[in-house]
Amino acid sequence: MYKFVLKRIVMLIPVIIGVTFVVFFILSVAPGDPVLTILGDGATDEAIEQMREELGLNDPLLIRYVNYIWDVLHGDFGLSYKTRLPVSDQLLARFPNTLLLASCGIVLAIAFGIPLGILSAKKQYTFLDNVATVGALVSVSMPKFWLGLLLVLIFSLNLGVFPSQGMGEGVVGTLHSLVLPAVTLSTGFMATIMRMTRSSMLETIRQDYISTARAKGIKESQVTIRHMLKNALIPVITLCGLQFGHMLGGSMITETVFSWPGVGRYVLDSIKTKDTPAILGCVILMSVSFSIINLLVDILYGYVDPRIKSQYKAGKL
């Protein structure tokens with residue numbers, strides 16, 4: 001198992017280098033001068049040139065990139081052009097909020113998506129299956145910004161049940177302000193998980209060992225959980241891992257609608273001002289997080305499917 005983990009970690013390095021280089025190149029050739037973001041439009045030519053020298057912007061692109069990666073390897077993500085604060089401190093302050101939002105979102109998506117997928121598969125072509133299918137289609141089709149604004153209009157402005165923006169203080173305040181963003185973030189993913197669970201369950205239901213289990217007199221609930229669901233979980237686990245990674249990196253719209261102080265809103269504000277160190281720091285953080293999630297999903301396969309676990313031990317994966 002440790003060889004498998006080490007191999008995945010080694011594979012992570014070129015991925016991060018490739019992603020950061022592409023983003024670094026795009027930001028370098030994009031219009032706009034970060035020096036003007038720091039000094040303002042009224043800065044003199046001498047001050048602008050001095051700041052460019054201090055930031056190393058006059059160096060060739062490849063040298064600037066190598067210097068940046070070298071600093072990152074030493075734990076230095078640079079200073080934000082906009083706030084002049086260390087990017088690492090900003091990320092450490094905001095990432096737990098994004099992680100909390102994404103975790104609640106994926107929990108809601110799994111808690112409702114998998115049971116609905118199981119019921120839809122066992123009641124195929126019935127009224128329940130048709131309603132679940134239409135509901136999933138509508139959920140996937142709804143833009144997150146529209147759903148978020150709709151929930152704010154209903155539950156915040158009209159009913160006054162939940163706050164419309166920000167993050168409350170304390171455990172109770174945080175959970176109270178987390179409801180609407182988590183529901184908004186999870187709705188589309190919930191429908192996707194439901195459809196995947198339904199499809200995977202339908203393939204499993206038709207297997208011979210399911211008929212054999214029923215012929216032995218095993219309760220239908222045990223057949224569903226121990227035989228159907230367990231063997232149908234591999235694609236569902238893969239999808240849940242990918243969805244969780246997307247929630248961590250793709251929650252910009254949800255965090256912006258609800259003014260949630262997370263990494264998504266931070267990177268969106270940084271893009272508006274072409275804050276290169278902040279954008280690159282967010283990209284690296286999201287890349288590492290997504291890769292770690294995929295690694296955990298691969299490890300989880302071994303506990304769900306004994307055949308995969310035996311391949312881990314044999315070193316074939």
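The values are calculated or read from the model by the stated rules, or taken from the named source; none is laboratory data. Everything numeric in this text was worked out from a predicted model, so none of it was measured. Quick reminder, even Gly has a Cβ in these numbers, built from the backbone with ideal geometry, and neighbours come from all protein chains shown.
Numbers at a glance
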quantity: Residues satisfying the stated conditions in the range 271-289, i.e. surrounded by fewer than 24 Cβ atoms within 10 Å (Cβ to Cβ) and among the small types (G, A, S); calculated: S287, S289
quantity: Residue, surrounded by the fewest Cβ atoms within 10 Å (Cβ to Cβ), within the range 137-157, restricted to residues that are under 20 Å from the mean Cα position of the chain (by Cα) and assigned to a helix (DSSP H, G or I); calculated: S141
quantity: Options T224, T212: the member that is assigned by TED's automatic domain parsing to the domain that holds F258, touching a Lys or Arg at 6+ places or on another chain (Cβ under 8 Å), modelled with pLDDT under 85 and of a type in the set (S, T, Y); calculated: T224
quantity: In the range 82-132, the residues that are among the charged types (D, E, K, R) and in a helix (DSSP H, G or I); calculated: D89, R94, K122, D129
quantity: Subset of the range 168-187 that is hydrophobic (A, V, I, L, M, F, W, C) and buried (at least 19 other Cβ atoms within 10 Å of the Cβ) - its residue that is nearest to L248 (Cα to Cα); calculated: L185
quantity: Close pairs (8 angstrom Cβ cut-off, 6 or more residues apart or separate chains): in the same structural domain as T256 (by TED's automatic domain parsing) in the range 148-175, exposed (fewer than 13 other Cβ atoms within 10 Å of the Cβ) anywhere; calculated: F155/V161; S164/L157
quantity: Pair list, Cβ < 9 Å and 6+ apart or interchain, from the range 123-144 residues that are closer than 17 Å to S199 by Cα and assigned by TED's automatic domain parsing to the domain that holds G113 to residues that are modelled with pLDDT under 85 and in a helix (DSSP H, G or I); calculated: Q124/I205
quantity: Some residue of the range 268-282 being over 16 Å from R94 (Cα atoms) and of a type in the set (S, T, N, Q); calculated: yes
quantity: Scan of the range 28-57 for residues that are touching a helix residue (DSSP H, G or I) at 6+ places or on another chain (Cβ under 9 Å), over 28 Å from I13 (Cα atoms) and not in a helix (DSSP H, G or I), ordered by number; calculated: D33, A43
quantity: Near pairs, Cβ below 6 angstrom, 6+ apart or cross-chain, from the range 81-96 (within 25 Å of R52 (Cβ to Cβ)) to any residue that is of a type in the set (F, W, Y) and buried (at least 18 other Cβ atoms within 10 Å of the Cβ); calculated: V87/F77; S88/F77
quantity: Single match in N67, N58, N97 (criterion: surrounded by 17 or more Cβ atoms within 10 Å (Cβ to Cβ) and more than 16 Å from I279 (Cβ to Cβ)); calculated: N97
quantity: Counted residues, the range 247-256 - those being surrounded by fewer than 20 Cβ atoms within 10 Å (Cβ to Cβ) and at pLDDT 80 or above; calculated: 2
